[in-house]
Structure formats: structure tokens, C-alpha cells
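To keep things clear, I will list the structure first and then write my remarks on it.
Please treat every number below as a calculation from the coordinates, not as lab data. Quick caveat: nothing in here was measured; it's all calculated off a predicted structure. So basically every Cβ, Gly included, is an ideal-geometry build from the backbone, and we count neighbours across all protein chains shown.
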Amino acid sequence: MIVGQVSSGKGRQVDGDAMSEVRRLTSRAWSIDASNLAKGCRVTVLTSAGPRLAGRHGIVLGNGNTKNQVRVLLDGSKGPLTLHARFLTELHA
């Protein structure tokens with residue numbers, strides 16, 4: 001193996017700098033918090049939440065147990081759900 005390169009585990013050689021850049025970008029993508037979703041705002045569930053919830057609308061009831069969780073009451077549902085903030089987008093009326 002050449003110095004400064006790391007194996008990706010699939011038989012390919014990956015540059016160490018490229019791997020650190022990928023780690024930096026993915027860690028930033030996971031650092032989403034619910035601070036921009038205020039209590040009472042209307043939201044839409046993204047397709048990344050899965051086919052059962054995708055495209056549904058609801059209202060934010062508040063924060064969950066962690067900074068990334070949001071309590072949401074979806075339209076037509078009897079009780080609230082706790083969803084990760086990355087699965088929600090604010091509806092602009």
C-alpha cells in the first residue's frame with residue numbers, strides 16, 4: 001500500500017485526505033438540530049423518512065428528548081410522533 005492512502009474495504013485505494021473530507025461532510029450532515037422548527041409551525045415529512053410517512057403534513061408540538069428530535073402531530077393522526085429533524089421540512093404558506 002502506498003503511504004497516505006487507505007483501503008476502503010472493497011479492494012480500492014482511497015486517498016487519506018479524501019476520506020477525511022468525506023468524514024467531515026457526513027458529520028456536518030448529521031449535525032441537524034430542531035432549533036429552526038418552532039412550536040406550532042406546519043411541516044412536511046420528507047421521503048427519506050420512509051414510504052409510510054413521506055409527504056404527510058403536520059404541526060410541531062415541541063422538542064423531543066434530544067436536540068435533534070421533534071414531536072409532530074400529523075394530520076389525521078390520533079397521537080404525536082417523535083421524528084428526527086432531518087426528516088422534516090417547514091411548510092411555507
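Which trypsin sites (Lys or Arg not before Pro) in region 38-93 sit in a loop by DSSP (not H, G, I, E or B) and have at most 14 other Cβ atoms within 10 Å of their own Cβ?
Sparse-neighbourhood loop trypsin sites (Lys or Arg not before Pro): Lys39, Arg52, Lys67, Lys78.
Where does the charge balance sit around Asp75 when Lys and Arg score +1, Asp and Glu -1, over other residues with C-beta under 10 Å from its C-beta? If you can, show how the numbers build up before the last one.
Values: positive: Arg42, Arg56; negative: none.
Every neighbour counted, the sum reads +2.
If you take the C-alpha gyration tensor of region 34-90, multiply each eigenvalue by 5 and take the square root, what semi-axes do you get, largest first, in whole Å?
15, 12, 10
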